[in-house]
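Trainee: Sharing a structure with you now.
The values are calculated or read from the model by the stated rules, or taken from the named source; none is laboratory data. Being a predicted model, the structure only gives us computed values, none of them experimental. Note that we place each Cβ from the backbone using ideal geometry, even for glycine, and neighbour counts take in every protein chain shown.
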Amino acid sequence: MKTGYGPCLGVKVRVVESGLIAEAVKNACIEANWNLPSDVRDCIRAAREREPWPAAREMLDRIIENFSLASQRRSPVCQDTGMACVFVEIGDEAYVEGSLEDAVNEGVRRGYAEACLRKSVVADPLDRKNTGDNTPAMLYVEFVPGDRIAVTAAPKGFGSENKSRLKMLRPSDGAGGVIEFVLDTVERAGADPCPPVVVGVGIGGTFDKAAFLAKKALLRPLGSRHRQEYYAGLEAALLEKINALGIGPQGFGGAATALAVMIETLPTHIAGLPCAVNINCHAARHARVVL
């Protein structure tokens, strides 16, 4: 397996063998399941320090103990090792030699087998027969400037995924409609998605793009602000309102119902205002490898 440079339609491009991508996906799947990102760990610890409710502090202590032991023992941070959501960013000066989709699925297959991670994927949504290797992955591809390929594995458990929602709001609903929908979604979810949660919000685009934006938003570092001041303010306002719901860690009450709210947006049609909410549990797992 190698990388190198070669001509493609008269343009010099960096060639990356699909085998390297499979290896990167394998490693990212294992890393994501064993080790929470440092920003997530820090955010949970900070929530514990701010938490005034004793039962909630105790629950946050148990969450901290759990992710610390998972890292030390090289074991999954959660028994639901998730459906493998794999985000691939391909530089416009890079070329994948071989099948990208096959490489991603091979990486998932090897990672889940090597680390003895639970296989949770069924081949058909109705007959429910397990594929036995946690494939296929949910693959999302974006093209970006440069000659690098970045792979991000984000295992998604369905305790939180099942509580996610999408609504085609009216343009007249505006920001108030978005806030109401997000709050209603989190309140309906209650303790089921293992709070404190991370809330991804997608606004705009089309029905399907709004859902993608909400899921992609979950990859942002916790504590980061939206690049536009208006949406950064909306993120902060939503976080404050969600935490005022008092659901608290694992539903025990308290101040920490959510760790963060992340918003991503796209232009949309004059007649629509799609809004999606993708909830993640406190184990906001993802790992990134750049080739």
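Trainee: Name the residue, out of Gly204, Gly248, that is buried (at least 16 other Cβ atoms within 10 Å of the Cβ) and farther than 28 Å from Ala56 by Cα.
Mentor: Values: Gly248 fails: farther than 28 Å from Ala56 by Cα.
None of the other options fit; the residue is Gly204.
Trainee: Report whether or not Leu20 is assigned to a helix (DSSP H, G or I), touching a residue at least 60 places away in the same chain (Cβ under 8 Å) and aliphatic (A, V, I, L, M). Steps first, answer last, please.
Mentor: Working: assigned to a helix (DSSP H, G or I): yes; touching a residue at least 60 places away in the same chain (Cβ under 8 Å): yes; aliphatic (A, V, I, L, M): yes.
Yes.
Trainee: Right, next: Quick check on my filter: what residues within segment 264-282 are surrounded by fewer than 23 Cβ atoms within 10 Å (Cβ to Cβ), in a strand (DSSP E or B) and hydrophobic (A, V, I, L, M, F, W, C)?
Mentor: Within segment 264-282, Leu266, Leu273 meet the criteria.
Trainee: What are the residues in segment 1-16 that are part of a strand (DSSP E or B) and either at pLDDT below 95 or over 26 Å from the mean Cα position of the chain (by Cα) (or both), if any? Before you say what the answer is, go through the steps one by one.
Mentor: Of segment 1-16, the ones part of a strand (DSSP E or B) are 3-8, 11-16.
Correct list: Thr3, Gly4, Tyr5, Gly6, Pro7, Cys8, Val11, Lys12, Val13, Arg14, Val15.
Trainee: Something else about it: Find the strands (runs of 3 or more DSSP E) located wholly in segment 110-206 whose residues include 1 or more that are in contact (Cβ under 8 Å) with a residue 24 or more places away in the chain and outside the structural domain of Leu222 (by TED's automatic domain parsing), and list them.
Mentor: Working: elements: 138-144, 149-156, 165-169, 197-205.
Correct list: 138-144, 149-156.
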